[in-house]
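The values are calculated or read from the model by the stated rules, or taken from the named source; none is laboratory data. Keep in mind it's a predicted model, so treat the numbers as computed, not measured. Don't worry about glycine lacking a Cβ; one is built from the backbone with ideal geometry, like all the others, and counts go over all protein chains shown. Ligands, DNA and RNA are excluded from the accessible area calculation, which covers all protein heavy atoms including side chains. Shrake-Rupley method; radii C 1.70, N 1.55, O 1.52, S 1.80 Å.
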Amino acid sequence: DETIKATIDKSVISFGIFPLNFHIKKVIDLNFGFEISQLLYEKFSGTYSGWSMGGTPYTNQYFNYDLNEKYNKLSSRTYFGLCANISYDFYLSKSIVISPKYSCYLGLSKEFTDSPEIYTKSIRHYLLIGIKKKFNKQYKKAN
């Protein structure tokens, strides 16, 4: 039996492409696509403990160590996953729109690499709010 207790603080930068876009009644937007992210910063603390099983009960040993002493990093450098968004547009005027948005990310790549035998993928939920300004350009025909 092994136990990992960790606190991880990290920052990533992400780039998403959403090739599937649907508009319902001009106010609801649905977007489906994928996202790739790069790790910018990571700080972690915690412990890894458990029993090392030997051939006989006398060779079983309990171990417990600090994660910072054994690992330089835990998180993967890059991440890849699927993403879905739904938003609702509230028109304040013809050109100003407020859009609350729910976004869900399903990781397809491993979240941790150098960590002790952890195979973890992530699911992330975001509640966002956006402000849009629509620009209407009018072009004059040349005579």
>> Helix-only mean residue ellipticity at 222 nm, the chain, DSSP H runs n ≥ 4 weighted -39,500 (n - 2.57), per residue, nearest 500. What is it?
In response: -500 deg cm²/dmol
>> Using each residue's phi in region 94-111, evaluate 6.51 cos²θ - 1.76 cosθ + 1.60 at θ = phi - 60° and report the 3J(HN,Hα) Karplus result to the nearest Hz, with x for Gly and Pro.
In response: 5, 10, 10, 10, 9, 10, x, 9, 10, 10, 10, 10, 10, x, 9, 9, 5, 6
>> Rg and Dmax in Å for the chain, alpha carbons only: what are they?
In response: 23.6, 97
> In 5 Å bins starting at 0, how do the alpha-carbon pair distances of region 32-108 split up by percent?
Replying inline: 3, 11, 11, 10, 10, 12, 10, 9, 7, 5, 4, 3, 2, 1, 1, 0
> Which pairs, out of Lys25/Lys133; Lys25/Lys121; Lys5/Lys110, put more than 30 Å between their alpha-carbon atoms?
Replying inline: Lys25/Lys121
> Taking a probe of 1.4 Å, how large is the accessible area per residue of region 1-102, in Å²?
Replying inline: 69
> Taking the Cα centre of the chain as the origin and placing charges on Cβ (Lys, Arg +1; Asp, Glu -1), which of Ile24, Thr113, Tyr62 is farthest toward the positive end of the dipole?
Replying inline: Ile24
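Which FRET efficiency value, to the nearest 0.05, do you get for Asp66 and Leu128 by plugging their Cβ-Cβ distance into 1/(1 + (r/R0)^6) with R0 = 35 Å?
Given R0 = 35 Å and the Cβ-Cβ separation, E is 0.45.
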> If r is the Cβ-Cβ distance from Ile4 to Ala84 and R0 is 35 Å, what FRET efficiency results, to the nearest 0.05?
Replying inline: 0.70
